[in-house]
Amino acid sequence: MPEIRSPISLRIMPLRFVFDAPARLEMPDYPGSAWRGAFGHALKQAVCVIRGIECEDCLLYRSCVYPYLFKTPPRLGSAKMTRYQTVPVPYVLTIEPRLSADEYVLGITLVGEAQRHLPYVVHAIQRSGERGIGSKQQKLILREVRQLVLETGIWNGIYRPHEPLAAEPPGCPGVPELPAAIGIEILTPLRLRRAGHLVTPDTFRFRDLFGALLRRVSMLTYFHGASALETDFAGLTQASGQIEIVAKDLRFKDWTRYSSRQKAEMQMGGIVGRFQVQGKELEPFWPYLWLGQWIHAGKGATMGLGHYRIAPATLQEQSDADGPG
């Protein structure tokens, strides 16, 4: 399929961790939160050399792998997010469907400079599975790590335990030509706010999704990419308000998680379902929508929420291998 030129120069590395799993595996509805916590714990144990103090008070704070991957601090002198202690982290978890009773697959996409720390990521995810995931501490043994080669759409095996790690360089996803109409299937709760109010299936507009994507792409390219995104942010945002949804089948999916850091229940529910948009007016937004399949949007994107895909039927029955899965 012919590709178009994208204004976004953000390299990504989509990975799948394939585990041997017990047949009666019990996981939370959205295990991304459990995986994120286990990943952070294993990563800190692997790399922390100065124990007993907060990361922010550590001499190695801005050079250590753990804070960079798990709670990225803004760069000194940063012009963005100056009031925040952390910025969007450079990875996204995706829970893949189970295709067999003895296999469990965890997806993780590394963004920008995070790919330099791939060996630490592999080690920490492997250790997380061995220690057990979720309240039932379900143990998973790593079988293989696969990487999506973006140029070919093929998932290549790059690591097996006790063998060398042989990854391909990260790349920018090729953007196919814009179809006459696109369908978007929201797979995990997409939680968005507009003017301080939660966006619901009834109030959802295309601009809500695109605005969240544009901000996310801007932050990820600025803090983790080789160069910041340069575009007409105000013009794109205003124009996105003119895009009409021509069909939708959306519902609200409730989900609550307990935050051990904040010691409180967190509301993470959001919109799931399908909607369709069409027309050549979508062209300026198309590269962002396509990339968004890998980086997600909305609250909880890092732990797997706000995951959507472009409906295959609207992309001339493109095979699943060409997309993020």
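In the range 127-136, what count of residues is obtained for those that are surrounded by fewer than 19 Cβ atoms within 10 Å (Cβ to Cβ) and closer than 19 Å to Asp102 by Cβ?
Residues meeting the conditions: 4.
Filter the range 100-126 down to residues that are of a type in the set (Ser, Thr, Tyr) and buried (at least 17 other Cβ atoms within 10 Å of the Cβ) and give me whichever is farthest from Ser9 (Cα to Cα).
Step by step, filter the range 100-126, then rank; the result is Tyr104.
Among (1) open to solvent by 10 Å² or more (accessible area, probe 1.4 Å); (2) in a helix (DSSP H, G or I); (3) touching a residue at least 12 places away in the same chain (Cβ under 8 Å); (4) of a type in the set (A, V, I, L, M, F, W, C), there is one condition Leu209 misses while meeting the rest; what is its number?
So Leu209 meets the others, but not (1).
Counting just the residues of the range 219-234 that are among the hydroxyl-bearing types (Ser, Thr, Tyr) and assigned to a helix (DSSP H, G or I), which one comes out farthest from His296 (Cα to Cα)?
Tyr222
Filter the range 26-52 for residues that are of a type in the set (A, V, I, L, M) and in a helix (DSSP H, G or I); which is most open to solvent (accessible area, probe 1.4 Å)?
Ala46
Select, from Pro179, Pro161, the only residue that is touching a Ser or Thr at 6+ places or on another chain (Cβ under 8 Å) and assigned to a loop (DSSP other than H, G, I, E, B).
Among Pro179, Pro161, only Pro179 is touching a Ser or Thr at 6+ places or on another chain (Cβ under 8 Å) and assigned to a loop (DSSP other than H, G, I, E, B).
Those residues that are open to solvent by 20 Å² or more (accessible area, probe 1.4 Å) and either in contact with a strand residue (DSSP E or B) (Cβ under 7 Å, 6 or more places away or on another chain) or among the polar types (S, T, N, Q) (or both), I need them from the range 79-90; list them, please.
Thr82, Gln85, Thr86
So, of the residues in the range 149-206 that are among the aromatic types (Phe, Trp, Tyr) and within 20 Å of Pro14 (Cα to Cα), which turns out to be surrounded by the most Cβ atoms within 10 Å (Cβ to Cβ)?
Top of the filtered list is Tyr159.
Tell me, please, whether a residue that is more than 23 Å from Thr302 (Cβ to Cβ) and part of a strand (DSSP E or B) can be found in the range 189-198.
Checked the range 189-198: at least one residue is more than 23 Å from Thr302 (Cβ to Cβ) and part of a strand (DSSP E or B).
Please tell me if Ala212 is among the small types (Gly, Ala, Ser) and more than 24 Å from Glu96 (Cβ to Cβ).
No, not satisfied.
Under 9 Å between Cβ atoms, which residue pairs at least 6 apart in sequence (or on different chains) link something in the range 1-24 that is closer than 21 Å to Asn156 by Cβ and surrounded by fewer than 16 Cβ atoms within 10 Å (Cβ to Cβ) with a partner that is among the hydroxyl-bearing types (Ser, Thr, Tyr) and at pLDDT 80 or above?
Taking only residues 6 or more apart or on different chains, the pairs are Asp20/Tyr104.
Could you look through the range 91-126, keep only residues that are in contact with a strand residue (DSSP E or B) (Cβ under 9 Å, 6 or more places away or on another chain) and assigned to a loop (DSSP other than H, G, I, E, B), and pick out the one that is nearest to Thr72 (Cα to Cα)?
Glu96
Note down all Cβ pairs under 7 Å where the first residue falls in the range 28-57 and is free of Cβ contacts under 8 Å to residues at least 12 places away in the same chain, the second is surrounded by fewer than 19 Cβ atoms within 10 Å (Cβ to Cβ) and not in a helix (DSSP H, G or I), and they're at least six residues apart or on different chains.
These pairs meet every condition: Ile50/Cys58; Ile50/Leu60.
So for the range 246-262 (the condition being β-branched (Val, Ile, Thr), surrounded by 13 or more Cβ atoms within 10 Å (Cβ to Cβ) and either at pLDDT 85 or above or under 16 Å from the mean Cα position of the chain (by Cα) (or both)), does at least one residue qualify?
Within the range 246-262, none of the residues are β-branched (Val, Ile, Thr), surrounded by 13 or more Cβ atoms within 10 Å (Cβ to Cβ) and either at pLDDT 85 or above or under 16 Å from the mean Cα position of the chain (by Cα) (or both).
The values are calculated or read from the model by the stated rules, or taken from the named source; none is laboratory data. Remember, predicted model here, so these are calculated numbers, not experimental data. Positions of Cβ are generated from backbone atoms using ideal geometry, with glycine treated the same way; all protein chains shown enter the neighbour counts. Heads up: the accessible areas ignore ligands, DNA and RNA and are worked out on the full protein's heavy atoms, side chains in. Shrake-Rupley method; radii C 1.70, N 1.55, O 1.52, S 1.80 Å.
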